[in-house]
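Enquirer: Right, I'll just put the structure down here and ask away after.
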């Protein structure tokens, strides 16, 4: 849920990148951070450990100008994908205005993707969110690898609500900005309805 600061005339929106471990969530944020005009972004905070790429979250404040006299800021977060960090994922997901689900397109990762997608749906329901109406974007990442499933298979198992979906190669930026743009527009559209 967006945080509105009336005194500062500022609306802070939260987009969460969700997916299994090493699916490309952090790579998406690194690409965005490098691609966006440096004056429009803040510092990216990343907490890594020796054994896991992302222990907690990455934060990227992104300024987008004013809407109805309010400064709009987007904060982009990733969740740790490893099963061990389920409670951290739940904490990061709280207050999300939109989720970009990053799926690893490799055939060997399908079951993990399905389990992660089911967990996301369950957590949104527990937060009293209508999953069918909640702003979601799907990114079919790692399309440059050999062992990838057809998009139709990913759509069948991971996109029952037929939300916008994009093929991606986060390391090169393919699909990264498109997913973010749709997430931002979905969030802004939802804000207008409130």
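Enquirer: Spin-label point model (7 Å from Cα, Cβ direction): what's the residue 37 to residue 71 distance in nm?
Expert: Between residue 37 and residue 71, the label points sit 1.5 nm apart.
Enquirer: Angle, helix 25-35 long axis vs. longest principal axis of the chain, Cα atoms, 0 to 90°, nearest 10?
Expert: Computed tilt is about 50 degrees.
Enquirer: What per residue convex hull volume, in Å³, do the alpha-carbon atoms of the chain yield?
Expert: Taking the convex hull of the Cα positions in the chain, it is 119 Å³ per residue.
Enquirer: Residue separation times 0.36 nm, minus the C-alpha to C-alpha distance between residue 88 and residue 156: what's the value?
Expert: Working it through step by step, the gained length comes to 21.7 nm.
Enquirer: Can you tell me how much longer the chain between residue 118 and residue 171 gets when fully stretched, taken as 0.36 nm per residue apart minus their C-alpha distance, in nm with one decimal? All intermediate terms of the calculation are to be shown ahead of the outcome.
Expert: On the way: separation 53, 0.36 × 53 = 19.08 nm, distance 2.61 nm.
The residue 118-residue 171 span can extend by a further 16.5 nm.
Enquirer: With 10 angstrom as the radius, rank 91, 165, 46 by how many other C-beta atoms surround their C-beta, starting from the fewest.
Expert: 91, 46, 165
Enquirer: Let me ask something else. Output the relative contact order of the chain, whole-number percent, from Cα pairs under 8 angstrom with separation of 6+ residues. Mind showing how you got there, number by number?
Expert: On the way: 359 pairs, mean separation 44.6, N = 194.
Computed over the chain, the figure is 23 percent.
Enquirer: A follow-up question, please. How tilted is helix 176-193 with respect to the longest principal axis of the chain? Cα atoms for both, answer in degrees (0 to 90, nearest 10).
Expert: 50 degrees
The numbers here are math on the coordinates, done by the rules we state, and not lab data. Keep in mind that what you see is a predicted model, and the values were worked out from it rather than measured. Reconstructed Cβ throughout: ideal geometry from the backbone, glycine too, with neighbour counts over all protein chains shown.
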